[in-house]
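In what follows, a structure is listed as structure tokens, so that the remarks can point back to it.
The values are calculated or read from the model by the stated rules, or taken from the named source; none is laboratory data. The shown structure was predicted, so the numbers you read here are calculated from the model rather than taken from an experiment. Cβ coordinates were reconstructed from backbone atoms using ideal geometry, including for glycine residues, and neighbour counts include every protein chain displayed.
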Amino acid sequence: MQWFILKHDVLCLKAEGSSESALLVIKQRGYLLMSVVVMLVVLSSGYSPTLAALYALGTLVLTQIIFEPKRRSDFFANCLKAMDDAPRVIAQITIASAVGGIIVGVVTQTGLGLRMSSMVLNFSHGYLSLLLVLTMFCGIILGMGMPTPAAYIILAVLLAPGLIDVGVPDLAAHLFVMYCAGISAITPPVALASYAAAAIANADPWKTSLTALRLGLASFIIPFIFVFSPALLGIGPVSQMIVDTAAAFIGVLALAAALIGWLFIVMNIFLRLTLFTGAIMMIMPGLLGDSLGLALIMGVTVFCWSRRRLVSGQESSVLPG
């Protein structure tokens, strides 16, 4: 119900022509998010999701009664509207969960899941990069339509042993499959997180999923960093940890900017490709690659910043007074 109220306020502010609708909604109605905080606290305390939802609903009712005395007459109308909207929101998520359950059921019931690790090892022919790509592909499929903890448990049993067998550190192998379980929530065709967001926003599920995939593409690179740069996980000398962490941080930021297409200004395809190349070089281990990648990223950053300053100066020069 809190999502319905917040969405209603956003639409009203947009209709009034406000340019700061999101900020105004948070300032005026941010207390509605208290129910989400209560739900997370109850869940982290070890209670059931049903009880957490009950506490969250009670918190929502209390906050609306306390902080909105002028709208108490609309309370029952909001409840009826929420009960009417909830089945429509849940329907899309249920369909995605059903499709994902069918895929996972076929894999597990046929015994394919138990042979997954050995099959991936055979197909990779000992090449670690190919093994990681195949493991991620299988992990995303097996994680479809499942919560991240449950998907991780399955992947830790089926796929992590194959990575450990080829020499990947235990921590890196388990973090790799955990990320695979997590990013399956935004990977079409069964992207539960994207479908849930689309249902709340009344947006197209496929467009939402593809947008989430594009914006979150950098998260597909992070698992590979854990394997190729174990210093990020505290394995190795301190100096190597600092260098690899800084390189990965800069590389992931640059990769996200290249995928979005904005860094101080809207970048053209040449700038985006240059930034993307530098980001990949920074992410992969090696001092030479880090140096060349940093040079490319700094070059693009300085150019975009100078263009932003130039455009800002030209705009200010034509303003009256």
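Selection within the stretch 286-308: residues that are in contact with a Ser or Thr (Cβ under 9 Å, 6 or more places away or on another chain) and crowded, with 18+ Cβ neighbours inside 10 Å. The member of this set that is nearest to L253 (Cα to Cα) is I297. Out of all the residues in the stretch 39-66, which are surrounded by 13 or more Cβ atoms within 10 Å (Cβ to Cβ) and either polar (S, T, N, Q) or not assigned by TED's automatic domain parsing to the domain that holds Q28 (or both)? Listed by number, the residues that qualify are T59, T63, Q64.
Condition first: over 23 Å from the mean Cα position of the chain (by Cα) and either closer than 25 Å to Y127 by Cα or in a loop (DSSP other than H, G, I, E, B) (or both). Can you find one or more residues in the stretch 303-314 that meet it?
The first filter runs over the stretch 303-314 and keeps only residues over 23 Å from the mean Cα position of the chain (by Cα), leaving 303-314.
Then keep just the ones that are either closer than 25 Å to Y127 by Cα or in a loop (DSSP other than H, G, I, E, B) (or both); that gives none.
No, every residue in the stretch 303-314 fails to be over 23 Å from the mean Cα position of the chain (by Cα) and either closer than 25 Å to Y127 by Cα or in a loop (DSSP other than H, G, I, E, B) (or both).
In the stretch 226-237, the condition of being in contact with an Asp or Glu (Cβ under 9 Å, 6 or more places away or on another chain) and surrounded by fewer than 17 Cβ atoms within 10 Å (Cβ to Cβ) is met by at least one residue. The requirement of being in a loop (DSSP other than H, G, I, E, B) and without any contact (Cβ under 8 Å) to a residue 40 or more places away in the chain is satisfied by A203.
Here's the yes/no breakdown for (1) free of Cβ contacts under 8 Å to residues at least 12 places away in the same chain; (2) closer than 19 Å to P149 by Cα:
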{"site": "L32", "(1), (2)": "no, no"}
{"site": "V36", "(1), (2)": "no, no"}
{"site": "V42", "(1), (2)": "no, yes"}
{"site": "S48", "(1), (2)": "yes, yes"}
{"site": "A56", "(1), (2)": "no, no"}
{"site": "E68", "(1), (2)": "yes, no"}
{"site": "N78", "(1), (2)": "no, no"}
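Here the condition is being more than 21 Å from S229 (Cα to Cα) and without any contact (Cβ under 8 Å) to a residue 60 or more places away in the chain; of M178, M144, it holds for M144 alone.
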